[in-house]
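Structure first, commentary second.
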Amino acid sequence: MSLFPDHCVESCDDRPKIVCEENKRTYIANNTQRKVVCKVQVDGKLICEGARCDWAVAVVSEEGTGKALEELFLVELKGSDINHAFEQIVGTIDVLHTNYSVTKWFARVVCAKVSTPRLNSIHYKKLKGRLQLLNKSTGKTQRQLIIVKSNQLQEVL
């Protein structure tokens, strides 16, 4: 299954745990339903220019034909500049939304320390608006569109 270029894909299978880490920041996706999930290095591999996040964790759709993704988690592992992380995820969305059919989009930021995300910052509002627009046609989701945590973020896919 080759949804993404081979040189970008670190794994694409039904492993129970997908881990993205860099500089003591860790994102863990627990794949309890054993879906096919691709871990894709975005920064410098899938996207080489412009603002881009570090990783994409893509839940592959079981239904239909073609190269569809059920959920796409865009992951940025950051020092402390949360607004820049939001910009990087928006930059990634700008490139990927025209190339991939994704049912639900999500943003995940893991940083050194978190002050409450600036929910009124223009960067946060832009990212939230973009995610709401992309997810609009699929209806409400039980999952938070944007999660920001310090050092480690763990969730069930």
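The values are calculated or read from the model by the stated rules, or taken from the named source; none is laboratory data. Only a predicted model underlies this, so the values are computations on that prediction, with no experimental measurement involved. Cβ: placed from backbone, ideal geometry, glycine included. Neighbour counts: every protein chain shown. To get the accessible areas, we keep the full protein, side chains included, count just its heavy atoms, and leave off ligands, DNA and RNA. Shrake-Rupley method; radii C 1.70, N 1.55, O 1.52, S 1.80 Å.
Observations
- For Ala112, neighbours were defined as the other residues whose beta-carbon sits under 13 Å from its Cβ, and their charges (Lys and Arg +1, Asp and Glu -1) total +2.
- Heavy-atom accessible area ranking, 1.4 Å probe, most first, across Thr103, Thr32: Thr32, Thr103
- Translational diffusion of the chain, estimated by Stokes-Einstein from the Kirkwood radius over alpha carbon pairs at 4 °C in a medium of 1.567 mPa s, is 83 µm² per second.
- Share of carbon and sulfur in the accessible heavy-atom surface of the chain [1.4 Å probe, %]: 45 percent
- Normalised per residue, the accessible area of the stretch 65-108 is 35 Å², obtained with a 1.4 Å probe and no contribution from ligands, DNA or RNA.
- Of all aspartates and glutamates in the structure, those lying under 13 Å Cα to Cα from Lys45, and not within fewer than 8 positions of it along the same chain, are Asp6, Glu10, Asp54.
- Annotation note: trypsin sites (Lys or Arg not before Pro) in the stretch 1-103 located in DSSP loop regions with a Cβ neighbour count of at most 12 within 10 Å are Lys24, Arg34.
- Residues whose amide H comes within less than 5 Å of that of Val36, counting only those at least five positions distant or on another chain, are Val60 (H built at 1.01 Å from N in the peptide plane).
- If R0 is 30 Å, the Cβ-Cβ spacing of Thr98 and Asp13 corresponds to a FRET efficiency of close to 0.65.
- Averaging Cα coordinates gives a centre for the stretch 92-110 and one for the stretch 33-48; these two points are 11 Å apart.
- Site pair Lys125 and Val156 shows an inter-label distance of 3.6 nm when each label is modelled 7 Å from Cα along Cα→Cβ.
- ³J(HN,Hα) computed for each position of the stretch 82-88 - Karplus, 6.51 cos²θ - 1.76 cosθ + 1.60, integer Hz, glycine/proline x: 5, 4, 5, 4, 4, 4, 5
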